[in-house]
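A short reminder: the numbers here are calculations on the coordinates, not readings from a lab. Note that this is a predicted model, so its numbers are computed, not measured. With ideal geometry, Cβ positions are generated from the backbone for all residues, glycine too; neighbour counts draw on all protein chains shown.
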Amino acid sequence: MRSLPEHVQQDFLSDPRFRISIDNYVAGQGWTLWMATPGPPGNGSRCVVLRLKLTYCSEQFANYVIAHEFAHAFLRNGPWGDISDVEEAADALAATWGFVRPADP
Ligand SMILES: [Zn+2]
C-alpha cells in the first residue's frame, strides 16, 4: 500500500468503508465475507478481498492483482477518465502506479 500515491493512501485511510480482507475459503464449505451492502453509486463498500492463492503466484503478478483491486476501490468500481470499462480502468490506473499486468502469472 505504501507504493501507492499519497493521495490514494489518504483516500483509503480516511474512508471507514475501505478495508482489506483475506478470504477464508475452505474447500467443501465455501467462504464468508461481512461487508456493507451496496449503496448509491460511489457510496458502496470499498472492501478489497485478497485470495490466499496469490501466495502461489509470482510476486510481480500478486502485486499487479493487489494494485488492480486497489484501483477498483479507489475508482469505486467505476470508470477512469475516458475508460468506461471498469476492468480496463482498474488495469490502466494500476499501471500508472507501476503495476502493469505481467505476461505470465
Ligand atoms: Zn477487476
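What helices (runs of 4 or more DSSP H) lie completely within segment 1-98 and have 1 or more residues being touching an Asp or Glu at 6+ places or on another chain (Cβ under 9 Å) and within 16 Å of the ligand (Cβ to nearest atom)?
59-74, 86-96
Of all residues in segment 80-95, how many are at negative phi and surrounded by fewer than 13 Cβ atoms within 10 Å (Cβ to Cβ)?
Of the residues in segment 80-95, 5 are at negative phi and surrounded by fewer than 13 Cβ atoms within 10 Å (Cβ to Cβ).
Ala67 versus (1) buried (at least 18 other Cβ atoms within 10 Å of the Cβ); (2) among the small types (Gly, Ala, Ser); (3) without any contact (Cβ under 8 Å) to a residue 12 or more places away in the chain: which is the lone unmet condition?
For Ala67, the exception is condition (3).
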